[in-house]
Amino acid sequence: MAMNYIDQEAVSRQLPKRIAINKIIRGLFFGSTLFGLVVLAVLLYDVITDSWGWINWNFLTSVTSFDAANAGIIGAITGTLWLMIIVGPLTMILGVATAIYLEEYVKEGRVRTFFETNISNLAGVPSIVFGLLGLTVFVRMLGMGSVVLAGALTMSLLVLPIVIVASQEALRAVPSYLREASFGMGATRWQTIKNVVLPAALPSILTGMILAMSRAIGETAPLIAIGIPALLIPLPSGLFDSFTVLPVQIYYWTIDAALNAELASLAAATIVVLLVVMFILNATAILIRNKFQKRF
Amino acid sequence: MAQSTSVSALIKEKRQKSKRQKLENLVPAFLFAAASVSVLTTVGILLTLIVETAMFFSEVSFREFFTSTEMQPLNRNNPTFSILPLLSATLLSTVIAMFVAIPIGLTTAVYLSEYATESARRVLKPIVEVLAGIPTIVYGFFAFTFVTPVLREIIPILDRTNILSPGIVMGIMIIPMVASLSEDALSSVPNSMREGAMAFGATKFEATVRVVIPAAISGIIASFVLGISRAIGETMIVTIASGSNKNLTFDITQSMQTMTAYIVEVTSGDAGAGTTAYYSLYAVAITLFFFTLAMNMLAKYISKRFREAY
């Protein structure tokens, strides 16, 4: 059978055009990658110019006020800290324990599939639905009201899937020869986990933890749903005190900005504080990862 | 002498061993209890949603909720409940968001995976991902105080609160998700396939469009579906920038309220517990819950079912 040879002439006629298209596309796609960067720059520029001159010591240390010039965010900062103090240890214990159970005890089979399917579905539930759960169970059914504990428990359930998945990955990265060596020395399963596996996985677990915390301090919707106010309330000093947090404060100032333009500046200033805190958290996470994480 | 010490040591060791054994048996029980918390959370969510939704449908008919078009839950004389206005707002904002997120996310993924040098990739990828870490409340502020005023210069008929601006900003928020998941899919296509295409004389672009993208299509589509799920569940951006108008409309220059924004309005407002308006919250939430769950399961199904193994 005769072969159809390639029409050399047609190919070389089209070639410059095809190469040009490739070059144009390359430029376009690079531009689209930069789009994200440009938006990020515009967003930061917008927030910083709006807040210019509003962030000072007085703003950071005063309680909120109806008078924009005297308003501060110490209440929201204290509330956010309270939230972190509970959410951090609670999710760490529950998350790491769940991960150990799945990675070191169950390993495979139906039980594990069941738990993992549940966790991944939970991670996809919109945060506002967690807010409704908190409102119904903690605030109303258990009668806590919109207090620190109710907010912290709601937030813990929300970020728990993130901590579990991060911890699972950390445990999975510990090579099995370390476990086998420990078993070979006569250690029990729990001794092996406690003395060998957990220390090796700790940096990655901490990195995941910090990223989860960073998510928790930026979450707004579930806390608004459980009724966290942004009114003149005393600073929280216990688990059963009313409180507010930075993002909720930003929300109320933003929606009231239509009435009073100064409130937009207050919201922007609070955003800058929130972003700085998140930046510090993320930088710490990266630092821990680079400094302590071992590659096996 | 050696005999006597070894006897007492033996007893001591045995005691320790039984203590250790007890701990060894206790630990899995504790771990199981911790693992159950996530299961209980799911049960809790389902139970609260179902029980309270049942209360709602004992007062408002299924038919009214899903087929009527009037939504005035806080009207004292004649409250009406219809999810359609909320659904149309959710649908519109999601479509607008995906119009932004899909093209930019996919082209970013292609650039990072096919065109960028390793060093450029190492710089650009984390910057794109920073966008995913910014709290949604900040995006809401950005949409309301920056994007909407800018858009109103271009489209004068745009309302001060509208669905267009939060839709666009939501799309920007979802770019990293689409870009990062699509890039994973593209990167997992083996190099031999690219090289094969290029050995036949294809340009990089041709190899990408004809060979690499088709090979990675399941992961790419799954990233779109996950993006949609994210857009449906997004709350703060639409709450702040789209207002609370509950008219059934498809005019994107108008204020509209999504399902999520409705939940925020009713919970932060003064609908007392036990009122129909309060129960409507749960009927809306359960609809939202099933929409996002369906999308997440669809994404998982697509990436599993149509995955090409190399």
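So here's what we get for this one:
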| read-out | value |
| --- | --- |
| Total residues in the range A:158-204, condition out of contact with any Asp or Glu (no Cβ under 8 Å at 6 or more places or on another chain) and among the aromatic types (Phe, Trp, Tyr) | 2 |
| Test: residue in the range A:115-124 that is buried (at least 19 other Cβ atoms within 10 Å of the Cβ), at the interface with chain B (Cβ under 8 Å from one of its Cβ atoms) and closer than 23 Å to A:Arg189 by Cβ | yes |
| Set A:Thr270, A:Thr254, A:Thr220: member being free of Cβ contacts under 8 Å to residues at least 24 places away in the same chain, of a type in the set (Ser, Thr, Tyr) and crowded, with 22+ Cβ neighbours inside 10 Å | A:Thr254 |
| Only listed residue being more than 30 Å from A:Gln191 (Cβ to Cβ) and touching a residue at least 60 places away in the same chain (Cβ under 8 Å), chosen from A:Val163, A:Val147, A:Val137, A:Val129 | A:Val147 |
| Residue among B:Ser38, B:Ser88 that alone is of a type in the set (Gly, Ala, Ser), in a helix (DSSP H, G or I), away from chain A (no Cβ under 13 Å) and within 22 Å of the chain's Cα centre (by Cα) | B:Ser88 |
| Single match in A:Phe66, A:Phe59 (criterion: of a type in the set (A, V, I, L, M, F, W, C), surrounded by fewer than 18 Cβ atoms within 10 Å (Cβ to Cβ) and away from chain B (no Cβ under 14 Å)) | A:Phe66 |
| Selection from the range B:69-88 of residues that are polar (S, T, N, Q) and buried (at least 17 other Cβ atoms within 10 Å of the Cβ) | B:Ser82, B:Ser88 |
| Every residue from the range B:115-149 that is in a helix (DSSP H, G or I), aliphatic (A, V, I, L, M) and more than 7 Å from chain A (Cβ to nearest Cβ) | B:Ala120, B:Val123, B:Ala132, B:Ala143, B:Val147 |
| Helices (runs of 4 or more DSSP H) (entirely within the range A:40-141) containing at least 3 residues that are at positive phi and under 22 Å from the mean Cα position of the chain (by Cα) | none |
| Residues (closer than 22 Å to A:Ile162 by Cβ and β-branched (Val, Ile, Thr)) located in the range B:130-148 | B:Val130, B:Ile134, B:Thr136, B:Ile137, B:Val138 |
| Cβ pairs under 8 Å, 6+ apart, first in the range B:138-155 and among the charged types (D, E, K, R), second modelled with pLDDT under 95 | B:Arg152/B:Leu158; B:Arg152/B:Arg160 |
| Which listed residue is closer than 30 Å to B:Thr253 by Cβ, in contact (Cβ under 8 Å) with a residue 12 or more places away in the chain and facing chain A (nearest Cβ under 9 Å), from B:Ile237, B:Ile172 | B:Ile172 |
| Residue in the range B:65-76 that is hydroxyl-bearing (Ser, Thr, Tyr), within 30 Å of A:Ala261 (Cα to Cα) and in contact (Cβ under 8 Å) with a residue 24 or more places away in the chain present | no |
| Scope the range A:224-245; condition crowded, with 24+ Cβ neighbours inside 10 Å and within 19 Å of A:Val273 (Cα to Cα); matching residues | A:Phe243, A:Thr244, A:Val245 |
| Verdict on A:Leu34 being free of Cβ contacts under 8 Å to residues at least 40 places away in the same chain, within 30 Å of B:Ala116 (Cα to Cα) and not small (Gly, Ala, Ser) | yes |
| Scope the range B:243-265; condition crowded, with 23+ Cβ neighbours inside 10 Å and out of contact with any Asp or Glu (no Cβ under 9 Å at 6 or more places or on another chain); matching residues | B:Met256, B:Met259, B:Ala261, B:Tyr262, B:Ile263, B:Val264 |
| Residue count, the range A:1-20 (criterion: facing chain B (nearest Cβ under 7 Å) and either in contact (Cβ under 8 Å) with a residue 12 or more places away in the chain or exposed (fewer than 14 other Cβ atoms within 10 Å of the Cβ) (or both)) | 1 |
| Complete set of residues in the range A:140-159 that are within 10 Å of chain B (Cβ to nearest Cβ) and over 15 Å from B:Ser38 (Cα atoms) | A:Arg140, A:Met141 |
| Test: residue in the range A:26-42 that is surrounded by 18 or more Cβ atoms within 10 Å (Cβ to Cβ), under 26 Å from B:Pro135 (Cβ atoms) and more than 10 Å from every other protein chain (Cβ to nearest Cβ) | no |
| Within the range B:16-29, tally of residues that are surrounded by 12 or more Cβ atoms within 10 Å (Cβ to Cβ) and either on the phi > 0 side of the Ramachandran plot or within 9 Å of chain A (Cβ to nearest Cβ) (or both) | 5 |
| Subset of the range B:266-276 (residues that are surrounded by fewer than 19 Cβ atoms within 10 Å (Cβ to Cβ) and touching a residue at least 60 places away in the same chain (Cβ under 8 Å)) | B:Gly269, B:Ala271, B:Thr276 |
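The values are calculated or read from the model by the stated rules, or taken from the named source; none is laboratory data. These figures come from a predicted structure and were not determined experimentally. Positions of Cβ are generated from backbone atoms using ideal geometry, with glycine treated the same way; all protein chains shown enter the neighbour counts.
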